[in-house]
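The values are calculated or read from the model by the stated rules, or taken from the named source; none is laboratory data. All values derive from a computational prediction rather than experimental measurement. Reconstructed Cβ throughout: ideal geometry from the backbone, glycine too, with neighbour counts over all protein chains shown. Calculation scope for accessible area: heavy atoms of the full protein, side chains included, ligands and nucleic acids excluded. Shrake-Rupley method; radii C 1.70, N 1.55, O 1.52, S 1.80 Å.
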Amino acid sequence: MDATFAPSGPLKGRLTPPADKSISHRAAMVGAMATEPVTVTNYLAAEDTLSTLRAMGTIGALPSREGSTVVIRGVGLRAPDAHGETIDVGNAGTLMRLLPGWLAGQEGRSFRFDGDASIRRRPVDRIAVPLRLMGANIEATDDRLPPFTVHGTQLQGITYELPVASAQVKSCVLLAGMMAHGDTTVIEPVPSRDHTERLLSRLGVPLWRTGDAITVGHVDELTVEDIRVPGDLSSAAFPIVAGVLVKGSRLLIEGVNVNWTRAGILNVLERMGAVVIGEREERVDGAVPGEEPIADLDVAHGPLRGTTVEAAEVPLVIDELPLVALLGCFAEGETVVRGAEELKHKESDRIATVVDGLRGLGAHIEATDDGFVVQGGTGIRGGTIHAHGDHRLAMLGAVAGLASREGVTVVGMEAAEVSYPGFGEHVARLQRA
Ligand code: S3P
């Protein structure tokens, strides 16, 4: 589906963004680990997280959904079984990388995973390596790609140093760690989103952080309390950036998760001189909090200056880096992103697709091995951009169009459904208000 986004007048009003995708995936999985029914409110009813509910059904849980309320009747920590059926993860990389951690600990049972064309290009060796060290047997296509099969076993705890900061890999090892004999420790090169740690900690799982190391102990049974999912800052970032870029805009974005391991985009916006007011969680070292902090963000249009995002900040803003490229087009001076090779392994190769896509709209942007460099101040002319089946690229094109001189047509706008159903209506509502 093609959609055209014309240069926009001021965006005004209040907006509640969709529920957090990362937390919805995790809520569905821990719900399936319980034996008592778990109610998840404000669950994200988007393609990716519906794939997770279906996957929980495939392994024996009974999820039922009415709107954004999901009740999961779980199978218990040690009884999931797909009975030979393939677990279809659709387009959901988080599901594909987290669930094998739990299932690798299911002695004597095997689980085959597959997904869409984009998923078949996304590596799983990063989770296979630590899971094999814990004792699991994993067979992958070319030893690194889906479809792949996890043969469960009694796992042993390990200490694993992540070669690249990745919340998905960290979470996979922590979930496997709950199933293992002894303690399991994951060491991160730099902090990445900590939703798994917060959720497990809230549920009473023995879990602690010492510097860069997170340790989880063996768990026999999981008691899961009801979960309320906060708004997704990664989705909210699209209207936020639209509000910053479109002249005369003023928006209130309500109920957003401002967990400091997710809120890197707010720091980047602040350095660029954008006006985004709202309380943010301060970085805390040591104990793992059990809750996710929520805030309302007040956004206004204003002038921007270029900034640099270095490797240590990348995991805190990984999904918003396409938007940083767009912001850079409108900022005075240069905007640089370094240490972000991980972008190549997202729903598309986001160094190539963002650079080629924005360049086609008139941006002065160059790809580097590990990011990109934008020469700013020229804004966006307009034109056509392809989503390449990548939800964040589709919405990037839409926001570029609103802030452009001539408008932008997005080819493949339906990709936005993966994380932000109703994105187009939200934009239209802000234009009318
Ligand atoms: C996610 C972690 C990030 C992010 C992805 C969701 C998660 O991936 O890009 O959209 O929910 O854990 P990596 O941690 O692998 O970089």
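The label-point distance for VAL129 and THR86, in a model that sets each label 7 Å from Cα toward Cβ, rounds to 2.7 nm.
Applying the criteria of a DSSP loop state and at most 12 other Cβ atoms within 10 Å to the trypsin sites (Lys or Arg not before Pro) of region 244-304 yields LYS247, ARG283.
Counting only Cβ charges, +1 for Lys and Arg and -1 for Asp and Glu, the dipole size of the chain around its Cα centre is about 720 debye. Comparing ALA263, ALA416, ALA367 in a Gaussian network model of the chain, where Cα atoms under 10 Å apart are tied by springs, the biggest mean-square fluctuation is seen for ALA367. Sparsely packed loop sites in region 377-413 (the trypsin sites (Lys or Arg not before Pro) outside DSSP H, G, I, E and B with at most 16 other Cβ atoms within 10 Å) comprise ARG381, ARG405.
What whole-number value in Å² describes the accessible area per residue of the chain for a 1.4 Å probe? Show your work: numbers first, answer last.
Numbers: 15480 Å² over 433 residues.
About 36 Å² of surface per residue is accessible.
Near the amide H of HIS386, within less than 5 Å, lie the amide hydrogens of VAL411, all on another chain or at least 5 residues away, with H placed in the peptide plane. Of the whole protein surface, SER166 contributes about 10 Å² of accessible area at a 1.4 Å probe radius. Computed 3J(HN,Hα) for region 40-53, one whole-Hz value per residue from the Karplus formula 6.51 cos²θ - 1.76 cosθ + 1.60 where θ = phi - 60°, is 10, 9, 6, 6, 6, 8, 10, 3, 4, 7, 6, 4, 5, 4, glycine and proline marked x.
Dipole magnitude for region 21-228: computed about the Cα centre from +1 point charges on Lys and Arg Cβ and -1 point charges on Asp and Glu Cβ, it is near 320 debye. Here LYS346 is the anchor, and the lysines within straight C-alpha reach of less than 27 Å, apart from those fewer than 8 places off in the same chain, are LYS21, LYS170.
Just reorder SER110, SER348 by solvent-accessible area, largest first, 1.4 Å probe, all chains present.
Working: SER110 55, SER348 10 Å².
Reading off the accessible areas and sorting them downward yields SER110, SER348.
Rounded to whole numbers, the Karplus 3J(HN,Hα) couplings from phi for region 180-193 are 8, 6, x, 8, 10, 10, 10, 10, 9, x, 9, x, 10, 3 Hz, using 6.51 cos²θ - 1.76 cosθ + 1.60 with θ = phi - 60°, and x at Gly and Pro. For ARG109, the residues whose amide H sits under 5 Å from its own are GLY152, ignoring neighbours fewer than 5 places away on the same chain, with H placed 1.01 Å from N.
In the chain, helical runs assigned H by DSSP with n ≥ 4 each contribute -39500 (n - 2.57); averaged across all residues and rounded to the nearest 500, the mean residue ellipticity at 222 nm is -9000 deg cm²/dmol.
Can you tell me the FRET efficiency between THR141 and GLU161 if r is taken as the Cβ-Cβ distance and R0 is 25 Å, rounded to the nearest 0.05? Spell out each step's value before the answer.
On the way: r = 26 Å, r/R0 = 1.05.
Computed FRET efficiency for THR141 and GLU161: 0.40.
With only the Cα atoms considered, region 21-228 has a convex hull volume of 100 Å³ per residue.
The stretch between ASP285 and LYS247, if pulled fully straight at 0.36 nm per residue, gains 9.8 nm over its current Cα-Cα span.
In region 98-206, which GluC sites (Glu not before Pro) fall in coil by DSSP and have 13 or fewer other Cβ atoms within 10 Å? Walk me through the intermediate numbers first.
On the way: sites: GLU107, GLU139, GLU161, GLU197; in loops: GLU107.
Sparse-neighbourhood loop GluC sites (Glu not before Pro): GLU107.
Protein-only accessible surface at a 1.4 angstrom probe places the residues ASP81, ASP20, ASP142, ASP226 in the order ASP142, ASP226, ASP81, ASP20, largest first.
Provide the percentage of antiparallel DSSP beta bridges, counting only those with both residues in the chain; round to the nearest 5. Present the calculation step by step, with values, prior to reporting the outcome.
Values: 48 of 68 bridges.
Roughly 70 percent of the DSSP beta bridges within the chain come out antiparallel.
Looking at region 21-228, what % of its DSSP beta bridges pair antiparallel, to the nearest 5?
Values: 25 of 33 bridges.
Antiparallel: roughly 75 percent of the beta bridges in region 21-228.
The relative contact order of the chain, computed from alpha carbon pairs under 8 Å that lie at least 6 residues apart in sequence, is 18 percent. With the cut-off at under 19 Å, measuring from each backbone N in region 411-433 to a point 7 Å along the Cα-to-Cβ line of ASP2 picks out 411-416, 424. Here's the picture: charge each Lys and Arg Cβ at +1 and each Asp and Glu Cβ at -1 in the chain, and of ALA287, PHE148, ALA394 the one pushed furthest to the positive end of that dipole is ALA394. Got a number for carbon plus sulfur as a percent of the chain's accessible area, 1.4 Å probe? Here carbon and sulfur together make up 49 percent of the probe-accessible area. Computed 3J(HN,Hα) for region 307-312, one whole-Hz value per residue from the Karplus formula 6.51 cos²θ - 1.76 cosθ + 1.60 where θ = phi - 60°, is 8, 10, 9, 9, 3, 5, glycine and proline marked x. Ordered by solvent-accessible area of protein heavy atoms (1.4 Å probe), largest first, the residues GLU221, GLU320, GLU254, GLU417 come out as GLU221, GLU417, GLU254, GLU320.
Bridgeable lysines around LYS247 (alpha carbons under 27 Å apart, same-chain partners fewer than 8 residues away excluded): LYS12.
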